[in-house]
Amino acid sequence: MSRFTLPRDIYHGSGSLEELKNLKGKKAILVVGGGSMRRQGFLDKAVAYLEEAGMEVKLFEGVEPDPSVETVMRGAEAMREFEPDWIVSMGGGSPIDAAKAMWAFYEYPDTTFEDLCIPFNFPELRQKAKFAAIPTTSGTATEVTAFSVITNYQTGVKYPLADFNITPDVAIVDPDLVAQLPVKQVAYTGMDALTHAIEAYVSTLNGPFTDPLALQAIEMVLDYLPASYHENMEAREQMHYAQCLAGMAFSNALLGIVHSMAHKTGAAFSTGHIPHGCANAIYLPYVIKYNAKDPIAAKRYAEISRRMGLAGTSEKALINSLCKKIDEFNAILNIPKTLKDFGIDEEEFKSKISTIAELAVGDACTGSNPRAITPAEMEKLFTCTYYGTEVDF
Ligand code: FE
């Protein structure tokens, strides 16, 4: 038995933010991040639409990137005081992720992060409030997914929450909100979306409901990401939809070891943070070569390549074309080919990589990867991504 869950309503198109005025309720709390939505006037618009819906509105502002346990607890406390029947979150992944966790602690004050971390073990939500999500970047797709990541800065532990209870009720995918996205973010989040779609398509949990979404997302990213990066607004709109389609696929089919590797290296090196989408973009072609040693995965990568009209007739040639296409995109988007080119120090890499490899194997995304991997193989794979050497094991 498999389950396929999406938000009940996905509003999309320029100006669809206005749909907020048709929500039915008495009180809405609006959870947002830094000031960019306020500066661009979208925060005021959102508040005005919710008031037009007849709701009393409370703002919860300042959710930080990689939201903390403390922020979640403060938000849940604000919700318990205000008692909203709608939680509306607007932002890049972080405010939406934070609001999902606040929602659980609002409805179940006695629950703990440790309980919520057990996959698909949430208590029944929607006892007090429903949830609307409005993305302002084009990558994470948290507006349609069953996932949220919260960081405990005291212990350095990330809590990956996964449960269909936190799949939002309403998603509003309005391209006006990403028109001013910095091009670096367009590049990174766009490659994150491509990685979501490819990993979902080859995941052990792939299926007839997620495959078409994944393929369509891949096709749209290939068609539109370079132009979106070069500030073409029609392409940027299509990328906003493409990342959402990829999200629908991976929320139900899950991901693979590209994400395991990105999760465990994002904050691992003293030379600075590796942005999530950038890490994925670096690792993706190496992981395809590793996974393609599995015959079932090889068939599916070749199928992606064939469907996208890439060159080749043999499985091997098709897979090579797919990897070449990703290399080509990384070059267009100014994403480095290796961790070394990214600027990770060689000695630091060597001293940390065996621990990182072990952590990556233990990541929640490894379970649905099409080919099993040992810590020793993971270390070898990381070493290939550092020096740009061929994956031949
Ligand atoms: Fe991702």
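The values are calculated or read from the model by the stated rules, or taken from the named source; none is laboratory data. These numbers come from a predicted model, not from an experiment. Please note: Cβ atoms are built from the backbone with ideal geometry, for glycine as well, and neighbour counts cover all protein chains shown. Ligands, DNA and RNA are excluded from the accessible area calculation, which covers all protein heavy atoms including side chains. Shrake-Rupley method; radii C 1.70, N 1.55, O 1.52, S 1.80 Å.
What the table below lists for this structure:
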item	result
Number of the exception - Leu339 against (1) touching a helix residue (DSSP H, G or I) at 6+ places or on another chain (Cβ under 7 Å); (2) over 26 Å from Val157 (Cβ atoms)	(2)
Output for segment 347-361, where each listed residue is open to solvent by 60 Å² or more (accessible area, probe 1.4 Å) and either out of contact with any helix residue (DSSP H, G or I) (no Cβ under 7 Å at 6 or more places or on another chain) or hydrophobic (A, V, I, L, M, F, W, C) (or both)	Glu347, Lys350, Ser351, Lys352, Thr355, Leu359
Among (1) within 18 Å of the chain's Cα centre (by Cα); (2) within 24 Å of Lys299 (Cβ to Cβ); (3) away from the ligand (no atom under 15 Å from the Cβ), the one test that Ala171 misses	(2)
Residue in segment 90-101 that is of a type in the set (A, V, I, L, M), touching a residue at least 24 places away in the same chain (Cβ under 8 Å), touching a helix residue (DSSP H, G or I) at 6+ places or on another chain (Cβ under 6 Å) and in a helix (DSSP H, G or I) present	yes
Contacts under 7 angstrom Cβ, first residue in segment 131-156 being closer than 17 Å to Ala76 by Cα and more than 16 Å from the ligand (Cβ to nearest atom), partner part of a loop (DSSP other than H, G, I, E, B) and aliphatic (A, V, I, L, M), 6 or more apart	Ala132/Leu23
Some residue of segment 55-69 being small (Gly, Ala, Ser) and in a helix (DSSP H, G or I)	no
Helices (runs of 4 or more DSSP H) wholly inside segment 279-352 that include at least 2 residues being touching a strand residue (DSSP E or B) at 6+ places or on another chain (Cβ under 7 Å) and free of Cβ contacts under 8 Å to residues at least 12 places away in the same chain	none
Residue count, segment 218-239 (criterion: of a type outside the set (Ser, Thr, Tyr), more than 18 Å from the chain's Cα centre (by Cα) and over 20 Å from Glu199 (Cβ atoms))	8
Positions within segment 232-264 being touching a Lys or Arg at 6+ places or on another chain (Cβ under 9 Å) and either at pLDDT below 95 or open to solvent by 40 Å² or more (accessible area, probe 1.4 Å) (or both), in sequence order	His263
Test: Glu114 is of a type in the set (Asp, Glu) and within 16 Å of the ligand (Cβ to nearest atom)	no
Positions within segment 269-304 being among the polar types (S, T, N, Q), more than 16 Å from the ligand (Cβ to nearest atom) and modelled with pLDDT of 95 or more, in sequence order	Asn291
Considering residues of segment 310-326 that are touching a helix residue (DSSP H, G or I) at 6+ places or on another chain (Cβ under 6 Å) and surrounded by fewer than 17 Cβ atoms within 10 Å (Cβ to Cβ) only, the residue farthest from Pro226 (Cα to Cα)	Gly312
Selection status of Ala364, open to solvent by 20 Å² or more (accessible area, probe 1.4 Å) and touching a strand residue (DSSP E or B) at 6+ places or on another chain (Cβ under 8 Å)	yes
Single residue of segment 103-121 satisfying the filter (hydrophobic (A, V, I, L, M, F, W, C) and at pLDDT below 95) that is surrounded by the most Cβ atoms within 10 Å (Cβ to Cβ)	Leu116
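Listed here are the residues, each with its yes/no results for (1) under 25 Å from Ala146 (Cα atoms); (2) open to solvent by less than 60 Å² (accessible area, probe 1.4 Å).
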site: Ala53; (1), (2): no, yes
site: Glu56; (1), (2): no, no
site: Val72; (1), (2): yes, yes
site: Glu77; (1), (2): yes, no
site: Met90; (1), (2): yes, yes
site: Asp97; (1), (2): yes, yes
